[in-house]
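For reference, the structure is listed below as structure tokens.
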Amino acid sequence: MSAPQLPHTSKDYDHQLEQAHALVLQMGARVERQLVDAIECLASGSIALIDQVLRHEAVINALERSIDGQASHIIARRQPAASDLRLLTALLKVTTDLERIGDEAKKIALQARKARGEGGARLPRQTEVRRMSLVVAGMLRRALDAFERLDLAGTAEVVRRDADVNDAYSAILRQLITYMIEDPRTISASLDLLFVAKALERIGDHAKNIAEQAIYAVKGADVRHATVAEIEQELRR
């Protein structure tokens, strides 16, 4: 038996939608802060900053549960119209991507703690990873901006930069393989840095997913697996 639709005013309904959207934006801000801190503690090795990254996780997980509950309640009890249902679906998917970005940021922080515990062993190719991290952080910022305002102006650029991040990861992988072959003493440190680069590559994928969900929420177009050219064409319609 389907859940009965509760009597409600338009104002009540709009407030619930706005509240769900606001919770996702709050979660996004927390995850973005976690990522920035993780990138910084990789360079600094600050124990206080590493602990701060790890503390973010409990708050992020609590926000995920709140969003799931709020969105599920609206879907089950308010029977939203098609456009609102698209937004709610996008909210739930973005929440999943944000939670996974938080997991990857935590991995980076744990890697920083491991490096510090080993005496701060010098990591090879760290400049390239730092550059990659800044691109990824910029992608997340732009994707969250798009989802906050439901303004699609920067979404195609996020998708385009994901290809750049993938290329950067492949280049770092090739460089680290060469580094390890030339000097086997660097194998452990190189593998640690490769682990970080892979986490950043995955964060880039999730940022791209968030941008794609903004497009879906606004236009109702599923652009997953679409090329940048196809996305740009969809945005012009």
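Read-outs throughout are calculated quantities, based only on the coordinates presented, and are distinct from any laboratory measurement. For clarity, every value in this text was computed on a predicted model and none was experimentally measured. Cβ coordinates were reconstructed from backbone atoms using ideal geometry, including for glycine residues, and neighbour counts include every protein chain displayed.
Quickly estimate the mean residue ellipticity at 222 nm for the chain, helices only: each DSSP H run with n ≥ 4 gives -39500 (n - 2.57), and the total goes over all residues, rounded to 500. -30000 deg cm²/dmol, from helical runs alone.
Its Cα centre serving as origin, the stretch 150-237 has a Cβ charge dipole (Lys and Arg +1, Asp and Glu -1) of approximately 100 debye.
Stretched out straight at 0.36 nm per residue, the stretch from Arg100 to Ala171 would grow longer than its current Cα-Cα span by 23.1 nm.
The charge dipole of the stretch 1-98, taken about its Cα centre with unit charges on the Cβ atoms of Lys, Arg (+1), Asp and Glu (-1) only, comes to about 320 debye. Calculated on C-alpha atoms, the gyration radius of the stretch 62-164 divided by its Kirkwood radius gives an Rg/Rh of 1.11.
Here the simple spin-label model places points 7 Å from the Cα toward Cβ, and for Glu230 and Tyr13 these points are separated by 3.4 nm.
Distant-in-sequence amide contacts of Gly45, defined by a placed amide H-H separation under 5 Å and a gap of 5 or more residues or a different chain, comprise nothing. When the Cα positions of Gly69, Ile181, Met27 are compared along the charge dipole of the chain, Ile181 comes out farthest toward the positive end, with charges on each C-beta of Lys, Arg, Asp and Glu.
The lysines whose alpha-carbon is closer than 26 Å to the alpha-carbon of Lys114, local same-chain residues fewer than 8 away aside, are Lys106, Lys198. Computed on the chain, with alpha-carbon pairs under 8 angstrom and 6+ residues apart, the relative contact order is 25 percent. In the stretch 103-237, the alpha-carbon atoms span a convex hull of 96 Å³ per residue. With a Förster radius of 41 Å applied to the C-beta separation of Asp164 and Ala22, the computed FRET efficiency comes to 0.85. Between the labelled values (i) 17.5, 58; (ii) 16.8, 53; (iii) 20.1, 71, the entry that holds Rg and Dmax of the Cα atoms in Å as derived from this structure is (iii).
Per residue, the convex hull spanned by the Cα atoms of the stretch 1-113 measures out at 93 cubic angstrom. In a reduced charge model with +1 at each Lys and Arg Cβ and -1 at each Asp and Glu Cβ, the stretch 83-181 shows a dipole moment near 520 debye about its Cα centre.
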